[in-house]
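Chemist: Can you read through this structure? Questions will come right after.
The values are calculated or read from the model by the stated rules, or taken from the named source; none is laboratory data. All values derive from a computational prediction rather than experimental measurement. Please note: Cβ atoms are built from the backbone with ideal geometry, for glycine as well, and neighbour counts cover all protein chains shown. Note: accessible area is taken over every heavy atom of the protein model, side chains too, but ligands, DNA and RNA are not part of it. Shrake-Rupley method; radii C 1.70, N 1.55, O 1.52, S 1.80 Å.
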Amino acid sequence: MKKLLLFLFLAAIFQTHSQEDAWVFLKDKPDKATFINNPIKMLSQRALDRRSKLAIPIDLTDVPVDETYYNLIKNEENVIVLAKSKWLNAIHIQGEVNDINDLLTTYSFIDYIEFANKSLNKSGESIAKSKKKSPNYHNKFNQTLKDYNYGEADNQIKMLKGDYLHAQGLTGVNQIIAIIDAGFPNVNTLDAFQRIRDNNQILGGYNFADRNTNFYTRNSHGTHVLSSIAGYLENEFVGTAPDAKFYLFISEIAETETILEETLWVEAAERADSLGVDVINTSLGYTTYDNPNHSHTYADLDGKTTFITRGAEIGASRGMLLVNSAGNSGSRSWKYIGAPADAPSVITVGAVNASGEIAAFSSFGPTSDGRIKPEILGQGQNPALINYISGAVTKSSSGTSFSSPIMAGLIACLNQNESGLLKTSSKTSDNLNNYLKKAVFESADKYNNPLDQHGYGIPNFEVALNSYIGSTTKVYDSTFSKLTIYPNPTTELFTISSDIITLNKFKIEIFNILGKKVLEKVNPNTRKVDISFLESGVYMLKISNENQHKTLKLIKK
């Protein structure tokens, strides 16, 4: 009995004096009016333009953590400040439990404190709240090791009909993609990235892990991920969005697995938002940590519990498209997705092989609250990548780490036509990103019969593009609602069917998928329109009559 009591006493001392991670959540942001009235102080002009196009207002979430509050906590001798998040108005600290709890009584501006070790939280919430056990393995990068001429990338692009997007001129132009990953060594030297270097497509980046600007360092995982989207070797390899621009962020500390990485990811996503990024790819997933008390249970994967998932949801609400790998746990006892793949607004991507069959390692859904995850699938089993040492094309690696960026590149290409759609969309009160995601999901081969490991299945981006355009057309006047054209699709001519417009008072405009006007007719003397000179593809037809107009999708065979 004495030995047992001694053990319990020592255990109590150890817990009291061990270093713990916690988030300090603040009550307010005193300078909110200054920032909201001057948004350029916190967001770039491109970010503001994206918000305007998507009708997303600037609000308190965008305001930085109060500098005075931050400095007061940073100057505390008994705690260490590691990171912060303006979206969640939180500061990530480390210290002894008693010292962290003392902050609540010291500073009135602190709302509450949340420990990474849930058993330490005053709510009494325990990490044992789920019957399913936490995973007991490390799955750091969701990777299990070992008309373009796409070369070796042909299958992974054409499986998704990404070649159709490229043929329409949708190659990622005017899109900015942020890669949040573990490192990007040799991206600044390899021939496969020379094209994006020469074209100034790498806009910058940051190493959050080391708090410096050297992002061409650390783990090679990010280099391989980037190659899926941006790599280019003539006649040998083409990424899915070869003309996009990129920010490269390191949030992952490869040699350890700590809860800090979740906060660093949120910091990186906030930086991406402030720079006007359109799409974020994350080929990372979090379930287990070196400190098992910080590990997540299946119950935590409900889209609202983990710190990183909460941050991801806010990131999507800011107008960015977030794409995340599902994970490689499908053949393990713990088979589920990780965080932030459980976030409702994140596009979660599983993996198939070259034949379109599910990869055994691809993680399962659903989320613990019953939502379908992953939503879609791309090739993740032995896809073509660029080797970070030799610079040659390789097919020696597998994982949803690679199906995710393959998909993220095509999501960016699909999003490229946004500039044309926004001029005619009636959906400005809604986030157009929701229509894009819906079009992609509904194009997938198992949409009507989703499965726990497949989700909706393999998407078809040709179908998705046509659906997306159709879902964002506009009718300004109810009398124009009956206006149609036929035949559609057509090879040469189409006819405007409605007789509600007079021949001498209407205008016809046709735009290609990039928003460029390719035909204009003012007061035509016929309702028949010749488009035989146009290339095959999808167009937007705008018919105007005084103060009324309607936009229709037009398909030229």
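Chemist: Which members of segment 499-519 meet the condition of being modelled with pLDDT under 75 and either charged (D, E, K, R) or in contact with a Pro (Cβ under 6 Å, 6 or more places away or on another chain) (or both)?
Modeler: D499, K505, listed by residue number.
Chemist: Going through segment 60-72 one residue at a time, which ones are among the charged types (D, E, K, R) and either touching a Pro at 6+ places or on another chain (Cβ under 7 Å) or surrounded by 16 or more Cβ atoms within 10 Å (Cβ to Cβ) (or both)? Quick ask: steps written out before the conclusion?
Modeler: Let us first name the residues in segment 60-72 that are among the charged types (D, E, K, R), namely 62, 66-67.
Within segment 60-72, D62, D66 qualify.
Chemist: Filter segment 210-249 for residues that are among the hydrophobic types (A, V, I, L, M, F, W, C), assigned to a loop (DSSP other than H, G, I, E, B) and under 27 Å from L260 (Cα atoms) and give the result.
Modeler: F215
Residue-wise test of (1) open to solvent by less than 20 Å² (accessible area, probe 1.4 Å); (2) in a helix (DSSP H, G or I); (3) within 23 Å of N291 (Cα to Cα).
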{"site": "D28", "(1), (2), (3)": "no, no, no"}
{"site": "T34", "(1), (2), (3)": "no, yes, no"}
{"site": "R50", "(1), (2), (3)": "yes, yes, no"}
{"site": "I58", "(1), (2), (3)": "no, no, no"}
{"site": "I80", "(1), (2), (3)": "no, no, yes"}
{"site": "L104", "(1), (2), (3)": "no, yes, no"}
{"site": "S108", "(1), (2), (3)": "no, no, no"}
{"site": "I113", "(1), (2), (3)": "no, no, yes"}
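Chemist: Select from segment 268-296 the residues that are surrounded by fewer than 22 Cβ atoms within 10 Å (Cβ to Cβ) and over 27 Å from S397 (Cβ atoms) and list them in ascending order.
Modeler: Hits for segment 268-296 are R271, S274, L275, G276, N291, P292, N293.
Chemist: Which residues, counting only those in segment 151-170, are in a helix (DSSP H, G or I) and either open to solvent by less than 30 Å² (accessible area, probe 1.4 Å) or under 18 Å from E535 (Cα atoms) (or both)?
Modeler: Passing the criteria: Q156, I157, G162, D163, Y164, L165, H166, A167.
Chemist: Just one of (1) crowded, with 22+ Cβ neighbours inside 10 Å; (2) farther than 21 Å from A312 by Cα; (3) more than 22 Å from the chain's Cα centre (by Cα) trips up G231, so point out which.
Modeler: Among (1) crowded, with 22+ Cβ neighbours inside 10 Å; (2) farther than 21 Å from A312 by Cα; (3) more than 22 Å from the chain's Cα centre (by Cα), the lone unmet condition for G231 is (3).
Chemist: Any residue in segment 513-526 that is of a type in the set (G, A, S) sitting within a Cβ distance under 9 Å of a residue that is open to solvent by less than 80 Å² (accessible area, probe 1.4 Å)? List the pairs, counting only those 6 or more apart or interchain.
Modeler: G515/N417; G515/E418; G515/S419; G515/G420; G515/L421; G515/L422; G515/M540
Chemist: Mind checking which residues of segment 314-361 are touching a Lys or Arg at 6+ places or on another chain (Cβ under 8 Å), surrounded by fewer than 22 Cβ atoms within 10 Å (Cβ to Cβ), under 20 Å from G455 (Cα atoms) and at pLDDT 95 or above?
Modeler: P344
Chemist: Can you name the condition, by its number, that I177 falls short on among (1) modelled with pLDDT under 95; (2) closer than 23 Å to F402 by Cβ; (3) among the aliphatic types (A, V, I, L, M)?
Modeler: (1)
Chemist: Only one residue in S425, S429 is open to solvent by 20 Å² or more (accessible area, probe 1.4 Å) and modelled with pLDDT under 95. Which one?
Modeler: Result of the check over S425, S429: S429.
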